[in-house]
Amino acid sequence: MTSCQDNGQVEIEKKKTETTAATPTDIIEYERKLEDLARYMGEVFKDPDARKELFGFAELKGNAGEVQYNLRRLFEEKTDPVSRKQSAIVQAFNRNASNSRVASEASINIDSLKSFINQHDISIIAPYLAETFDPDSIKELTVSWWTEEMEIEGLKKDPNWKGETPAIKFKIEEKEKEATIGNNQEQIGINNQIEYIIINDNYAYENPTIIFGQFDEPNYYRDTLHSPDYSSTYRDIDCRKIPEDKTVKLKMPKLRLHHNTRNWPNSNRLFIFAITGDYSIDRNGITNLHQNIDFPWGNEKGFKVSRFSVRKGKWVNSGISYLKQNWKRSQPDLRIMVAARKDGTGDIDYTGNISIDTNGDFHTDTSAKFSLKTKKHAYMLFNVIFDRCAVMAENGSDGVYGLMDGHHIYHFNGFSFYLAPEISE
């Protein structure tokens, strides 16, 4: 390094000095290694083909248009060798080992970086990158790194932490696009000015930015989302005229999140619970009450809404085939609970009652107790009871928040959605 931005560097060094004495050695070493990786990968992504592969991660199912990928999938030894060979990122990573100024530093060894990636499940995420920028027109790339300790304790013991991460800017020059592989190859990524800065969500929205860290994401991509069917039609319904042998399927086709539920740079992750009460009569004529708790977003990581979608106020497909497969007449109420991933500690522990109609008069005559406990590290966005008859009666009616796709919009604590009941045999 020959220079750095004073403000950013001073701030980073100040925080390091304030916290080093009270921070375990293994955490300090982890953060140093993560910074080394970020600095090295900043040069890797000067390669145009590596950048195109990076942008392509946004198209994977479940990524909600954001760049997100676990690098272990690229570098772990058990990964298909053909896949590693075909990866432009892996090729640039290995190629830079012999010509990168960063790689020549004594503290950085590419084999140790690979081991670090695999050991700690290091991922790359880039909110806004693919949704806002073009890989071929980027002239500068900001590379940042994040640790859970920063998220929980605010850059170590800073109670006023506002969701900021340290970062470095990398210039992308035209000549680097023409670099070739060979004994006399050009030095890809050599940069006479490395600029340390502090960045946040707003910065990433306006500048091409990537972040490295150990995020709460699946190690390997799995297609956990269903392909929803949105072919049902809407209408206002008198629930008293629906025969008992008809099935009422309730859908939540789309939703909109009005504010980010987590600090930079983490993804918004949502959980939903649909709770009804029900009863059965045994052979002795005794009525037994019980609960039904559905968890439509079964992915333990939660449903992802990109930070870009939030900023733009976009409606997104929920990925839920149905919220309630059969909303029975005996279930006058449906309690919908939506929670958001919380950084640090804190679980959902909730106990309540849900109404039951045992005599078929469309009124509550008893209720069942339910208890919901999770280890999702989440907090409740809202917890609302929906009346079966009211939902069907007002479904096509304009309300305070208007209509979406012809359906009544509900809005609670920065979360908008609509319900679509479908009646079938």
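The values are calculated or read from the model by the stated rules, or taken from the named source; none is laboratory data. The structure displayed is predicted, hence computed values, not measured ones. Note: ideal-geometry Cβ built from the backbone for every residue, glycine included; neighbour counts use all protein chains shown. What goes into the accessible areas is simple: the full protein's heavy atoms, side chains included, and nothing from ligands, DNA or RNA. Shrake-Rupley method; radii C 1.70, N 1.55, O 1.52, S 1.80 Å.
Points worth noting:
- For segment 336-358, the set of residues classified as surrounded by fewer than 22 Cβ atoms within 10 Å (Cβ to Cβ) and in contact with a Ser or Thr (Cβ under 9 Å, 6 or more places away or on another chain) consists of R341, K342, D347, I348, D349, Y350, T351, G352, N353, S355, D357, T358, listed by residue number.
- Filtered by the rule that a residue be of a type outside the set (D, E), in contact (Cβ under 8 Å) with a residue 40 or more places away in the chain and assigned to a loop (DSSP other than H, G, I, E, B), segment 381-425 gives N395, G396, S397, G406, G414, L419.
- Number of the exception - F417 against (1) open to solvent by less than 10 Å² (accessible area, probe 1.4 Å); (2) modelled with pLDDT under 90; (3) farther than 18 Å from I237 by Cα: (2)
- Meets criteria (open to solvent by 40 Å² or more (accessible area, probe 1.4 Å), under 23 Å from W297 (Cβ atoms) and of a type in the set (V, I, T)) for I409: no
- Among (1) touching a Pro at 6+ places or on another chain (Cβ under 8 Å); (2) among the aliphatic types (A, V, I, L, M); (3) at pLDDT below 85, the one test that V400 misses: (1)
- Residue in segment 330-343 that is of a type in the set (S, T, N, Q), in a loop (DSSP other than H, G, I, E, B) and in contact (Cβ under 8 Å) with a residue 60 or more places away in the chain present: no
- When segment 367-385 is limited to residues that are open to solvent by less than 20 Å² (accessible area, probe 1.4 Å) and among the aromatic types (F, W, Y), the one that is farthest from N292 (Cα to Cα) turns out to be F382.
- Only one entry of I286, I281 meets the criterion of being closer than 25 Å to P332 by Cβ, modelled with pLDDT under 80 and open to solvent by 50 Å² or more (accessible area, probe 1.4 Å), and that entry is I286.
- Listed by position, the strands (runs of 3 or more DSSP E) enclosed by segment 233-298 that each have at least 3 residues that are more than 24 Å from the chain's Cα centre (by Cα) are 247-251, 268-281, 287-294.
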